[in-house]
Every structure is written in structure tokens, then in C-alpha cells.
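*Asks:* Dropping the structure in here first, questions after.
The values are calculated or read from the model by the stated rules, or taken from the named source; none is laboratory data. What you see is a predicted model, and the numbers here were worked out from it, not measured in a lab. As a convention, Cβ positions derive from the backbone with ideal geometry for all residues, glycine included, and neighbour counts pool all protein chains shown.
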Amino acid sequence: MPSQSRGVSVVDPFKLGVLGNRPGRPGLWAGAASGAASIYPGRSLLTAAAHMAWLVFYGGLAALLLAAAWTVRTLNWALWQPRRLERILRSQGLKGSSYRPIRGDVKDIVKHNEEAWSKPMPSLSHAIFPRVTSFLSRAVETHGKENKVTFHWMGSVPRVLIADPDQAREILANKTGEIGRGKINYMIGYLLRGVLSHDGEKWAKHRKILNPAFHIEKLKRMLPAFSSCWDELVDRWEKMAETGKEVDIWVDLQSFTGDVISRTAFGSNFEEGRKIFQLHDEQSLIVIGSLIMDLLIVNSLPFVYIYIIYRYLPTRTNTRVEAIDKEVRDILLRIIRKREESMKSSDAKSDDLLGLLLESNLQHGREQGNAGLTTDEVVEECKLFYLAGQETTALLLTWTMVVLSMHQDWQERARQEVLRVFGKEKPTYDGLSHLKTVTMILYEVLRLYPPTLGFQRRVLKSVKIGGVVYPPGVMLLLSVIRMHHDPDYWGKDVEEFKPERFAEGVYKASKKNAFFPFGGGHRVCIGQNFSLLEVKLTLCSILQRFSFELSPAYIHAPHIVLALKPQHGAPIRLRRL
Ligand code: HEM
């Protein structure tokens, strides 16, 4: 701070012209000086005025510096950094679109997807890559057909599409902290928390505590829960089949898998679980709507900053999302506290995911001598079961029924196998290992219609992959759909439904083992056994009771809204056997 002794000798703000009139002159300055005198009683008017001048000068200087820093930051974000990253990528031989400030390729992505999604697939074909991610399909054709690696721009961030299985595995195996999950959009953050959103030690701790709950021996104990959900669905479908009504299986199977998660996660608190599922569903719709809004807003540049502020205002959408978040949290807290109480008073082993998670958490605390997950963290993991497990499994079931409706010969082969193994009896866990045809069919459906089309990572520190050094700030998109539909790995018949390609298992089905429906490496899907068990049991029960075909109203139009969905639903005709 300037003092009386320093006076105005260091820098004279008046010489610099920052403050206008010198003291003693009439005008604005005189008013300020008399105000200053009342703040600094006992000092001379001139000293107090000089003090005020310094305050104003430094305040102005600070404001200028802040504005300069903000300008530099914005220019770096919008221009310098993207241009620098583009130069680094191109200098190493990578091809991609040229950077266009701030919006990057977002406008083209929206435009190409809208165009592709405005009409159905030309036939009941499985060649879905160009329709589902039209922009990426064109980008691959234009830039990177040979090297399987090409880049485009998500706003000002370069995103490298990786479609080489070896490079994908290298990225998935990276544990050195050079590659991480990266930032999550604030709205997605409402849905996507828990283990899926963490990195490093936090991730390792959460994953370690969660793992035992998904062990296959524990999953076997959940079979009765699966089967009660199935009984409800089958009753409904039998009635529909009798009246000859068509069923939109996409709608029904979403409720079914929601029920399965509610029962398998919360056991006796199933009804409260159902309520969470409904709230989660509403929240997902709002979040998806807001993401679409994000994309559209990035297209109308002048509104970007207004929109960023708007996100934090108490609008109806924002308030509702927060209210749902609180309600779900309150329900889960009640369930968890009740469960913790009953665990204290009884030694009975748990059969549901929550109970298993709480047991594992306690054991972790005992063995490691440090605290396990907090109650809030347990709440986040429970919410994640719905996001990660419900819709993906419903999609696998839906696409399987759609594809088996298109390929009646395979539907019949699968049915014969199920009847041979189980007859008309309820499917059992042990019997499932004898289902070779059903397993091959599910893998082939996961190849052609992977519910998760790809997943992203962010480069945190420079890292070399496939001979290219990626600097921090680059996003990596591991494109599952691209690898699953690439003739170089699967052969010329890549777009044909041929379950027999999995006859000798997953590894021998393609060159370079290009099969990633559940991800890979240490972050491979924790729920894949859970999901495959649920899908196999359900499919067996369906095949035992019904034959099915596509309704004439069915429109083949796979598209992507977070996951690979049937754009116009999946109306199916069921016939009781
Ligand atoms: C067909 C069904 C499913 C598919 C296709 C699927 C797909 C995936 C994929 C691709 C990943 C890796 C994402 C990444 O590396 O960024 C993943 C992770 C995960 N999945 Fe699944 N999933 C399915 C079912 C389930 C189920 C039923 C649950 C739980 C109830 C579940 C829970 C999780 C969790 C917690 C992770 C994060 C693992 C981690 O980061 O350590 N998933 N899933």
C-alpha cells in the first residue's frame, strides 16, 4: 500500500493520466477528496486525497490486469491452444478437420446426424455405422481409412478417434496417470457419479469395494429376484399375445430391467427402488434434453456466455434436476440406514447389491484400517447401478429380439437349444453354460448393435500411443462401433448377422480381437456378468413361451442418444407357443 512517506514518488497516477484532474482542481476529484477527508479524520485533506488516489489507481490496475488475464485465457482456450494442438497432431502425420474457432465441428456433427436420422435405414440392414454416427463415418472416409486414427473438434477440444484395437487396448491398459476420465459435463454429473467418474486412487478404492458385489457366486444368489420380475412381464405379454396386440418391447424391457435393478440392488426395499428408477428416468430425460440444448447453443455463438450463466440460475429445469437429486438421495439414505441397522442386529448374509456393497465396505475398513466409502459415496454408487446397468441391458435384449425377428432361422435354432437344455422348466444358472448358440447370438448382437458406441479418455500428461505423442488436452474416443463394423478385422461379411463367427470364442472371432462391448483393461464393465446373466435368463424364458416377428409398423432406425437406441421404438408381434 502507498504510504505518506512514499508519497507519489514511485508512480504518479496523475502523470499517467489514470485519474484525471490533480487535487485542488475542481470537478470529480474535489468530491472524492472531501469524501476521503471524512474517512481519514485527523489527516490533512491532501494526504487523504492522495491515499484515495492510490486506492483508485491500484483498483483500476487490478481490474486491468484481471481483464488482460481473462483475455489471454480466453484467447488461449479459443485460438492458441487448439492451433498448437492441431500443429502437433498434424506434424506426426495424423489427419483431421481444420480447427474452426470455438464451435469446432459441432455444427457439422449436429447437421449430419439430423440428416441421417431424418430417414430410416434403406433396408433391414445391419450396416448402421454411417447412420448412427454420420459425421464420424464421413470423417473416417475422408481422413483416416488407412491408419484408423483421425481427429475432429468438439468445440475447441481436439478429439482423436481411435479405431485400432491394439491402440485401444494400450489406452485402456494405461495406469500411469497419463490418461484419465477427464471432466464431465455439469448436467451429466447429476447422473454420472460413483466409480465411473473417478480416477487414480479414488477409483481404485471404489472399484475394490464394489468388485465382490458383482462376483459370479454372489450373482447366482440373485436368480430368484430376476425370476420374479420376469413372471410379471410374461403375464403381461401373454395377455397381449392372446389379444393379438403388438408390444413395443423397447418400452416394456426398460421397465423390466429397471425392476431387475430395483430388486437385485435393494431386495426387500424394492418398491423404494422402483421410485428411484422412476425419478432417475425423469432426470435422464431432462439431462439429455439439456445436452442437446448444449450442442445447439454452441451453434449460436453470441449466446454462449449467456447460456453458461443460465445454467446456474434457478430455472424450472435446474430446480427440478436438483429436487430429484435430493429426493433420490433421501430415499437411498433411508434405505442404507435401515440396512446398516439390520446388519448390526443380525448375522444373515445379504443377497442384494446394496447389502453386498455394505458388507464389502465394512470389511475394507477392517482390513485396511482406513475408512471405506462414506454414506454419500454409497448413495452415488447405488445411483450408478441404474445409469450404467438398466438401459444398456434393456438395449441388448431389445436389439436381440429385433435381430432374431429378422433372422427367424436363428430364432428357431436358439429355441431348440433352450428347449433341449431346460425343456419348459425355469432356466437355472448351471444350465446356462450349455447354451452355445444363445451365447454366440448375444455376442453377434453386441458386435453389430453395441449399446455403448464408444468411450472417452482425456490425455492428462504427454503420452505415446501407436507411435504418436499426444499432448495434454487431447480427448481420445475409442470407437467401439467403428471397430465392430470394420471389414479389416471381421472380413468382407462384416455387415452380415453371422453368430457362427463366435463359435470358437471371442478371441478367435476377429483379427486383433476387435470386440469391445464392455470396454477393457482395469476399467472393464463391472456389471458384464450381471448383464449377461440377466439377458440369457430372460431370453430363454421368452424363447420357451413365445415366437416373435417384427410388426409391419417397425422402422429400422438405430440412433444414438447417449446409447444406441431404436429411434421409433421396437413394435413386435408375439405368438404364444
Ligand atoms: C449390456 C449391458 C452393458 C454394457 C454394454 C456395458 C458397457 C460398459 C462399458 C463399455 C464400460 C466401460 C466404460 C469406460 O471404460 O469408459 C462400462 C463400465 C461400467 N459398467 Fe457397464 N455395461 C453394461 C451393463 C452394466 C451393468 C448391468 C452394470 C451394473 C449394474 C454396469 C456397471 C458399470 C460400471 C459401474 C462401470 C464403470 C467401471 C469402472 O470405471 O471401473 N454395467 N460398462
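*Asks:* Considering only the stretch 501-520, I want to know if a residue exists there that is more than 30 Å from ALA225 (Cβ to Cβ), assigned by TED's automatic domain parsing to the domain that holds LEU432 and in contact with a Ser or Thr (Cβ under 9 Å, 6 or more places away or on another chain).
*Replies:* yes
*Asks:* Among the candidates GLU115, GLU146, single out the residue that is surrounded by fewer than 15 Cβ atoms within 10 Å (Cβ to Cβ) and over 18 Å from ARG482 (Cα atoms).
*Replies:* GLU115
*Asks:* Looking only at the stretch 73-112, which residues are surrounded by 13 or more Cβ atoms within 10 Å (Cβ to Cβ) and of a type in the set (Ser, Thr, Tyr)?
*Replies:* SER97, TYR99
*Asks:* Can you tell me which of (1) exposed (fewer than 14 other Cβ atoms within 10 Å of the Cβ); (2) over 25 Å from ILE216 (Cα atoms); (3) without any contact (Cβ under 8 Å) to a residue 40 or more places away in the chain is the one LYS338 doesn't meet?
*Replies:* Of the numbered conditions (1) exposed (fewer than 14 other Cβ atoms within 10 Å of the Cβ); (2) over 25 Å from ILE216 (Cα atoms); (3) without any contact (Cβ under 8 Å) to a residue 40 or more places away in the chain, the odd one out for LYS338 is (3).
*Asks:* On the basis of being within 30 Å of ILE188 (Cβ to Cβ) and over 26 Å from the mean Cα position of the chain (by Cα), does ARG334 make the cut?
*Replies:* Against the criterion (within 30 Å of ILE188 (Cβ to Cβ) and over 26 Å from the mean Cα position of the chain (by Cα)), ARG334 qualifies.
*Asks:* Could I ask something else about it? Looking at ARG415, ARG457, ARG447, ARG420, which is the one that is more than 22 Å from GLN254 (Cβ to Cβ) and in contact with a Pro (Cβ under 8 Å, 6 or more places away or on another chain)?
*Replies:* Answer to the selection: ARG447.
*Asks:* Being buried (at least 22 other Cβ atoms within 10 Å of the Cβ) and modelled with pLDDT of 85 or more is the filter; apply it to the stretch 264-282 and report the residue that is farthest from ALA213 (Cα to Cα).
*Replies:* This residue is ILE276.
*Asks:* Let me spell it out: the conditions are (1) at pLDDT 90 or above; (2) farther than 29 Å from PHE546 by Cα; (3) surrounded by fewer than 18 Cβ atoms within 10 Å (Cβ to Cβ), and GLU412 meets all of them except one. Which number is the exception?
*Replies:* Result: GLU412 fails condition (2) only.
Residues are listed down the side, and each one gets a yes or a no for (1) within 16 Å of the ligand (Cβ to nearest atom); (2) on the phi < 0 side of the Ramachandran plot; (3) touching an Asp or Glu at 6+ places or on another chain (Cβ under 7 Å):
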position: LEU332; (1), (2), (3): yes, yes, no
position: ARG337; (1), (2), (3): no, yes, no
position: GLU359; (1), (2), (3): no, yes, no
position: GLN363; (1), (2), (3): no, yes, no
position: GLY369; (1), (2), (3): no, no, no
position: LEU395; (1), (2), (3): yes, yes, no
position: TRP399; (1), (2), (3): yes, yes, no
position: GLU425; (1), (2), (3): no, yes, no
position: THR428; (1), (2), (3): no, yes, no
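*Asks:* Among the residues of the stretch 182-201, are any assigned to a loop (DSSP other than H, G, I, E, B), within 13 Å of the ligand (Cβ to nearest atom) and on the phi > 0 side of the Ramachandran plot?
*Replies:* The answer is yes; a qualifying residue exists.
*Asks:* Going through THR452, THR439 one at a time, which residue ends up being within 11 Å of the ligand (Cβ to nearest atom) and β-branched (Val, Ile, Thr)?
*Replies:* Only one candidate passes the filter, namely THR452.
*Asks:* Which of the residues spanning the stretch 210-237 are of a type in the set (Gly, Ala, Ser) and away from the ligand (no atom under 16 Å from the Cβ)?
*Replies:* SER227, SER228
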